[in-house]
Each structure stands twice: as structure tokens, then as C-alpha cells.
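See structure below.
The values are calculated or read from the model by the stated rules, or taken from the named source; none is laboratory data. Since the structure is predicted, the reported quantities are computational estimates derived from the model, not experimental observations. Here the Cβ positions follow ideal geometry from the backbone for every residue, glycine too, while neighbour counts run over all protein chains shown. Please note that ligands, DNA and RNA were not included when accessible areas were found on the heavy atoms of the full protein model with its side chains. Shrake-Rupley method; radii C 1.70, N 1.55, O 1.52, S 1.80 Å.
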Amino acid sequence: LVLSNDTALNSLLSKLLQDYLERTNSSAPSQAQSGGDNLEIVYVLLMIGLFGIFTLAATLTNIRSRKLEDPREPYNMYIDSDIWPKKDMAYFQAKLIENYKLCSVFENPLAVEQPNTQIPEVKSP
């Protein structure tokens, strides 16, 4: 039995559906169903396939859109220019000098080390 590509999936699914309906409509309820139903497996595989196709399409669309960005666009050339590291370094140096000017040291004359005075000892009772 040779099928064309257009009807192969349709005939497979219709055959599986007919087999399933024949098994469920059989008048022998005592007959045990062996090996489970193939229709559930086909459904799960179909869902996994659709999810895979959707994920692959989203990934390829994202990759393609990134490749379409022209590196010679003015915006991309502005971002790639050397001005940013120079501006960052100048900003860093200005902040460093500003922080250095804000620094001050407070001296507590009572906390300064005084070698001539002794710390009183507490005698235990």
C-alpha cells in the first residue's frame, strides 16, 4: 500500500481511530485489552511534535532577527565606538576624587593611646 505524502497522516490517523472504535464497540466485555491503546501514544507524540515545531520556529525566528541587524547602522556604530570606556573612566575618576574630598578623619582624644596612663585594675573579692 503506497500512499502519497498528503494523505499518509490522514489515513494513518483514520485507521487508528477505526481500530480504536472497533475495540471499544466490541460486544465481548470479558475480552481483556492488551498493551494499552495506541491512540493515546499517537496523541502524546503529536503534542510533543507540535511543541517541538513551535519551539524550533521561535528559536529560528529569534536567531534570524538578530542576524538581520546591520552592524553599519548608526545606533550600532554609536554603541560600538570607543567613547564609552573613556566616559566610564572619567566618571570613575571624578567619583573617586569626590569621595576622597568627602573623607574626613575624626579623632577622639580619649581613645588615643596614652602610654603614661595605666588602666585601673579591678580586684576580685
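Each of 44, 122 has its accessible area taken with a 1.4 Å probe; listed largest first, they run 122, 44. Multiplying the residue separation of residue 100 and residue 57 by 0.36 nm and removing their Cα-Cα distance gives an extension gain of 10.0 nm.
Segment residue 41..residue 92, full-extension length gain: 12.1 nm, with 0.36 nm per residue of separation and the alpha-carbon distance subtracted. Taking all protein chains together and rolling a 1.4 Å probe, residue 63 ends up with roughly 80 Å² accessible. Ordering 12-24, 47-59 by mean Cβ neighbour count within 10 Å, with the highest value first, yields 12-24, 47-59.
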